[in-house]
Amino acid sequence: MKLIKLILFLVIVIGLTAFFTPLDLYYDKIKRNLRPLQLEEVSGSVIKGSAENVKYLGMDIGKARWLLYPSAYNAVTLDVNLSNKDYDIKAKYIKKPKSEIIKDLKGTLDWQFIANKINFRQGKITGYIELDFNHLEMNKGVPYIISGKAVTRNLRLVKPIQKDLGEIEVVFNSDNPQIIVGQVNSNSNVLNVSGAIYIHKNHRWEIKLTLIPLPGEYEVEYALQGIGDRRRTGGRTLNMAGFY
């Protein structure tokens, strides 16, 4: 009984020390252990703190705020918020011995972030993407479960003409043991978007989309010119692939 009390006392002391000791006093001594994650201008503590700039594999991913706490006898949870000019995202990251789980991932992603990836240069679109994922699970670096959706909000073509583009929705499910599929559909009066995003469990991803402006929507057709390949019957096809 005395040993249990001693261990409990030490755990409390260590926890309080970590909570109250400013992280910037010892970050230089532990930053090697955090690679490939890099924090700059840290404040607060390792338990509850923030960083003005976070880099992962050399990429800037914005500001971060976090709260770290044990959530089970074999799990630690990190409540984290990441933000920069392109996105504002919060989530719970749960680390277990054999898996990594992200729960309640919610936030917004500026449309321009996507536009830069798909070579959208002929026109200009404004709007954002609303993220709502309740469960993402990784096993040995491979996505095992993705459940949730991403939906465009206030999506508008502003050049060469002002036009409401409606909504584009991607809904993910994990029914197939070898592949995770994000089904893409649209609800729009000017543009039909359909297809899917595929995340293979052999570290490969694919995007296969068809974008077809409705009859008479010539400005939308013009704005899509730089995306993917032209279809003979009108519209565009976007096929992208890579590895993660």
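The values are calculated or read from the model by the stated rules, or taken from the named source; none is laboratory data. Keep in mind that what you see is a predicted model, and the values were worked out from it rather than measured. Backbone-built Cβ (ideal geometry, glycine too); neighbour counts: all protein chains shown.
Where strands (runs of 3 or more DSSP E) fall entirely within the stretch 66-130, those with at least 1 residues that are closer than 30 Å to E219 by Cβ and out of contact with any Cys (no Cβ under 6 Å at 6 or more places or on another chain) are at 87-95, 100-110.
Please determine, by comparing only the residues of the stretch 166-199 that are among the acidic types (D, E) and more than 20 Å from G228 (Cβ to Cβ), which one is surrounded by the fewest Cβ atoms within 10 Å (Cβ to Cβ). Steps first, please.
From the stretch 166-199, those among the acidic types (D, E) are 167, 169, 175; that's our starting set.
From the residues that got through so far, the ones that are more than 20 Å from G228 (Cβ to Cβ) too are 167, 175.
Details: E167: 17, D175: 7.
The selected residue is D175.
Please verify whether the stretch 91-104 includes one or more residues that are under 16 Å from the mean Cα position of the chain (by Cα), under 30 Å from R236 (Cβ atoms), modelled with pLDDT of 95 or more and buried (at least 16 other Cβ atoms within 10 Å of the Cβ). Show your work before the answer.
Narrowing the stretch 91-104 to residues under 16 Å from the mean Cα position of the chain (by Cα): 91-94, 100-104.
Imposing the further condition that a residue be under 30 Å from R236 (Cβ atoms) reduces the set to none.
The answer is no; no qualifying residue exists.
Taking I179, is it over 20 Å from D88 (Cα atoms), of a type in the set (A, V, I, L, M) and either touching a Cys at 6+ places or on another chain (Cβ under 9 Å) or modelled with pLDDT under 95 (or both)?
Yes: the conditions hold for I179.
Got a sec? Which of D60, D110 is among the charged types (D, E, K, R) and modelled with pLDDT of 95 or more? Reasoning before the result, please.
Working: D60 fails: modelled with pLDDT of 95 or more.
Answer to the check: D110.
Somewhere in the stretch 151-173, is a residue under 18 Å from A91 (Cα atoms) and free of Cβ contacts under 8 Å to residues at least 24 places away in the same chain?
Initially, the stretch 151-173 is screened for residues under 18 Å from A91 (Cα atoms), giving 151, 172.
Imposing the further condition that a residue be free of Cβ contacts under 8 Å to residues at least 24 places away in the same chain reduces the set to 151.
Yes, because at least one residue in the stretch 151-173 is under 18 Å from A91 (Cα atoms) and free of Cβ contacts under 8 Å to residues at least 24 places away in the same chain.
Screening the candidates N81, N53 for the property of being surrounded by 11 or more Cβ atoms within 10 Å (Cβ to Cβ), without any contact (Cβ under 8 Å) to a residue 60 or more places away in the chain, more than 21 Å from E137 (Cα to Cα) and polar (S, T, N, Q) yields one hit, N53.
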